[in-house]
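Colleague: Dropping a structure here in structure tokens format, bear with me for questions.
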Amino acid sequence: MTQSPTRNTSVLIIGALLPGLQEKVEGQFAATRYWQLDNAQAWVSENGAGVKAVVTTGAYGLTADLLGQLPNLEAIFSFGVGYDSIPVDAAKARGIVVTNTPGVLDDCVADLALALMLDVSRRISEADRFVRAGKWLQGKFPLAVKLGGKKLGVVGLGNIGQAIAKRAEAFGMQILYHNRSRKPGVSYEYFADLDAMIDACDVLVLAVPGGKATDGLIGAGQLAKLGKTGYLINIARGTVVDQPALVAALQQGVIAGAGLDVFEKEPQVPEALLTMDNVVLLPHVGSGTHETRQAMGDLVWANIESYYQNGKKLITAV
Ligand code: 8YV
């Protein structure tokens, strides 16, 4: 954007953004760093009515309470594909537009899902700990499990689910999927019934959006169906799994192991998981590469620019 007609437009940034994106937002708008306000409530009471746009991320989201205190809000621009932390329905009911960053992170999230599958089945992190602890000097590392030839059950065959399936196929896995509806033009075996697919698969990967519709989708019953040789991989949202049920299933050997990039209340990870060797724990880094985060930041900015310079046209509206 050249000399900006938006210089006086009040924008609230909920949490720290990718530095380049934050610089652009702060350079073009009257931006306020919400997370650095000494008295956020006082600021909102005084200035909330002036705020026209919010820039946030999937992690910071926007509370329904704060949304309610921004009566003239017009747009919410979010960094991240998931928008379960944003009250989208309430926003839309007020005519507020919401954008996210789909498409640009599929490859990296899918790569990470495969990394977790390989790690937990081939016991890579565990083997690394074995070497570092000097245990190799005392004996051999136990055998692991081959991925090729196993059945992968994908829950949610959207862009990320399809990118995972494509990679898993290259590793010789057979792909099954559960989705609200059958995907046209897809040859993988479709299961309308989630439990039936879990019964049939060796590795279950979750690639559905978070939010009410998928809350607790995987509970004790599903974990029992996955069974003692089955692995659970979650790169979606922690809320998709009943976390206490997962911890219990791992403690009792109900499933073989888990690869988790997401948790119910990040950054809190259940204490019991920290000492388990058959669990790989990552700090929500699915999209966390320089390249992908840059692409996400660019897409947030492209939406902002397009909205303000191109007649409120959005590139990736939710
Ligand atoms: C981001 C994500 O780390 O896109 C998503 O939905 O979960 C991740 O890519 C997150 O949104 C950034 O806060």
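The values are calculated or read from the model by the stated rules, or taken from the named source; none is laboratory data. Given the structure is predicted, the values throughout are model-derived calculations rather than measurements. Because the Cβ atoms are built from the backbone with ideal geometry, glycine has one as well, and the counts that use them run over all protein chains shown. Just so you know, the surface numbers come from the protein's heavy atoms only, side chains and all, with ligands and any DNA or RNA stripped out. Shrake-Rupley method; radii C 1.70, N 1.55, O 1.52, S 1.80 Å.
Colleague: Between a first residue in segment 128-155 that is over 14 Å from ASP277 (Cα atoms) and a second residue that is open to solvent by 60 Å² or more (accessible area, probe 1.4 Å) and β-branched (Val, Ile, Thr), which pairs have beta carbons less than 6 Å apart while being 6 or more apart in sequence or on different chains?
Modeller: none
Colleague: Sticking with this structure for a sec: Would you please name the residue that is surrounded by the fewest Cβ atoms within 10 Å (Cβ to Cβ), looking only at residues in segment 75-99 that are among the aromatic types (Phe, Trp, Tyr) and outside any loop (DSSP other than H, G, I, E, B)?
Modeller: Initial filter on segment 75-99 (among the aromatic types (Phe, Trp, Tyr)): 77, 79, 83.
This time we only want the ones that are outside any loop (DSSP other than H, G, I, E, B), so: 77, 79.
On the way: PHE77: 28, PHE79: 24.
Checking each candidate, the answer is PHE79.
Colleague: Residue check: is VAL97 closer than 30 Å to GLY156 by Cβ, of a type in the set (A, V, I, L, M) and within 13 Å of the ligand (Cβ to nearest atom)? Reasoning before the result, please.
Modeller: Working: closer than 30 Å to GLY156 by Cβ: yes; of a type in the set (A, V, I, L, M): yes; within 13 Å of the ligand (Cβ to nearest atom): no.
Criteria not met by VAL97.
Colleague: Considering only segment 222-235, how many residues are within 16 Å of the ligand (Cβ to nearest atom) and open to solvent by 10 Å² or more (accessible area, probe 1.4 Å)?
Modeller: Step one: list which residues in segment 222-235 are within 16 Å of the ligand (Cβ to nearest atom), which gives 233-235.
Within this subset, residues satisfying the condition of being open to solvent by 10 Å² or more (accessible area, probe 1.4 Å) are 235.
Within segment 222-235, residues that are within 16 Å of the ligand (Cβ to nearest atom) and open to solvent by 10 Å² or more (accessible area, probe 1.4 Å) number 1.
Yes/no matrix, rows are residues, columns are (1) of a type in the set (Gly, Ala, Ser); (2) open to solvent by less than 50 Å² (accessible area, probe 1.4 Å); (3) away from the ligand (no atom under 16 Å from the Cβ):
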site	(1), (2), (3)
PRO5	no, no, yes
VAL11	no, yes, yes
GLY15	yes, yes, no
LEU21	no, yes, no
ASP38	no, no, yes
SER45	yes, no, yes
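Colleague: Would you call VAL104 crowded, with 21+ Cβ neighbours inside 10 Å and within 15 Å of the ligand (Cβ to nearest atom)?
Modeller: Working: crowded, with 21+ Cβ neighbours inside 10 Å: no; within 15 Å of the ligand (Cβ to nearest atom): yes.
So VAL104 does not fit the description; no.
Colleague: Return yes when ASP84 is within 16 Å of the ligand (Cβ to nearest atom), under 25 Å from ALA258 (Cα atoms) and among the charged types (D, E, K, R) and no when it is not. Walk me through it before giving the result.
Modeller: Numbers: within 16 Å of the ligand (Cβ to nearest atom): yes; under 25 Å from ALA258 (Cα atoms): yes; among the charged types (D, E, K, R): yes.
Spelling it out, ASP84 is indeed within 16 Å of the ligand (Cβ to nearest atom), under 25 Å from ALA258 (Cα atoms) and among the charged types (D, E, K, R).
Colleague: Output the qualifying pairs, or none if there are none: Cβ atoms under 6 angstrom, residues six or more apart or on different chains, first residue in segment 282-295 and open to solvent by 40 Å² or more (accessible area, probe 1.4 Å), second residue near the ligand (Cβ under 10 Å from one of its atoms).
Modeller: Going by the 6 Å Cβ cut-off, the qualifying pairs are LEU282/ASP261; HIS284/ASP261; HIS284/VAL262; HIS284/GLU266; THR289/CYS108; ARG293/LEU18.
Colleague: Next up: Of the numbered conditions (1) in contact with a strand residue (DSSP E or B) (Cβ under 7 Å, 6 or more places away or on another chain); (2) under 26 Å from LEU281 (Cα atoms); (3) in a loop (DSSP other than H, G, I, E, B); (4) open to solvent by 30 Å² or more (accessible area, probe 1.4 Å), ASN72 satisfies every one except a single condition; which is it?
Modeller: So the condition that ASN72 fails would be (2).
Colleague: Give, as residue ranges, the strands (runs of 3 or more DSSP E) completely inside segment 116-214 that count at least 2 residues that are closer than 26 Å to GLY238 by Cβ. Before the answer, list the steps.
Modeller: Working: elements: 151-155, 174-178, 189-191, 203-206.
Here the list reads 151-155, 174-178, 203-206.
Colleague: Now for a different question. Might you let me know whether segment 248-261 holds any residue that is open to solvent by 30 Å² or more (accessible area, probe 1.4 Å), within 26 Å of GLY148 (Cα to Cα) and at pLDDT 95 or above?
Modeller: Within segment 248-261 (the criterion being open to solvent by 30 Å² or more (accessible area, probe 1.4 Å), within 26 Å of GLY148 (Cα to Cα) and at pLDDT 95 or above), the answer is yes, since at least one residue qualifies.
Colleague: Scan segment 59-82 and report the pairs whose first residue is of a type in the set (Phe, Trp, Tyr) and whose second residue is away from the ligand (no atom under 16 Å from the Cβ), with Cβ atoms within less than 6 Å and a gap of 6+ or a chain change.
Modeller: Taking only residues 6 or more apart or on different chains, the pairs are PHE77/ILE304.
Colleague: Kindly indicate whether any position in segment 125-135 is within 29 Å of GLN294 (Cα to Cα) and either within 16 Å of the ligand (Cβ to nearest atom) or surrounded by fewer than 23 Cβ atoms within 10 Å (Cβ to Cβ) (or both).
Modeller: yes
Colleague: State yes or no: is ASP199 open to solvent by 10 Å² or more (accessible area, probe 1.4 Å) and under 26 Å from LYS146 (Cα atoms)? Steps first, answer last, please.
Modeller: On the way: open to solvent by 10 Å² or more (accessible area, probe 1.4 Å): yes; under 26 Å from LYS146 (Cα atoms): yes.
Taking the combined requirement at face value, the residue satisfies it.
Colleague: So, one more: Which residue is nearest to LEU114 (Cα to Cα), if the candidates are limited to segment 254-297 and must be assigned to a helix (DSSP H, G or I) and within 16 Å of the ligand (Cβ to nearest atom)?
Modeller: As a first pass, look at segment 254-297 and keep what is assigned to a helix (DSSP H, G or I): 271-275, 290-297.
Right, trim to within 16 Å of the ligand (Cβ to nearest atom) and you get 290-297.
Details: HIS290: 19, GLU291: 18, THR292: 17, ARG293: 19, GLN294: 22, ALA295: 21, MET296: 21, GLY297: 25 Å.
So, considering only residues that are assigned to a helix (DSSP H, G or I) and within 16 Å of the ligand (Cβ to nearest atom), the one nearest to LEU114 (Cα to Cα) is THR292.
Colleague: Kindly check whether there is at least one residue in segment 107-117 that is open to solvent by less than 30 Å² (accessible area, probe 1.4 Å) and charged (D, E, K, R).
Modeller: no
Colleague: I've got another one for you. For segment 203-221, which residues satisfy the criterion of being out of contact with any helix residue (DSSP H, G or I) (no Cβ under 7 Å at 6 or more places or on another chain) and either closer than 20 Å to ALA248 by Cβ or crowded, with 21+ Cβ neighbours inside 10 Å (or both)? I'd like the intermediate steps shown before the answer.
Modeller: Of segment 203-221, the ones out of contact with any helix residue (DSSP H, G or I) (no Cβ under 7 Å at 6 or more places or on another chain) are 209, 211-213, 216, 221.
Answer for segment 203-221, where residues must be out of contact with any helix residue (DSSP H, G or I) (no Cβ under 7 Å at 6 or more places or on another chain) and either closer than 20 Å to ALA248 by Cβ or crowded, with 21+ Cβ neighbours inside 10 Å (or both): GLY216, GLY221.
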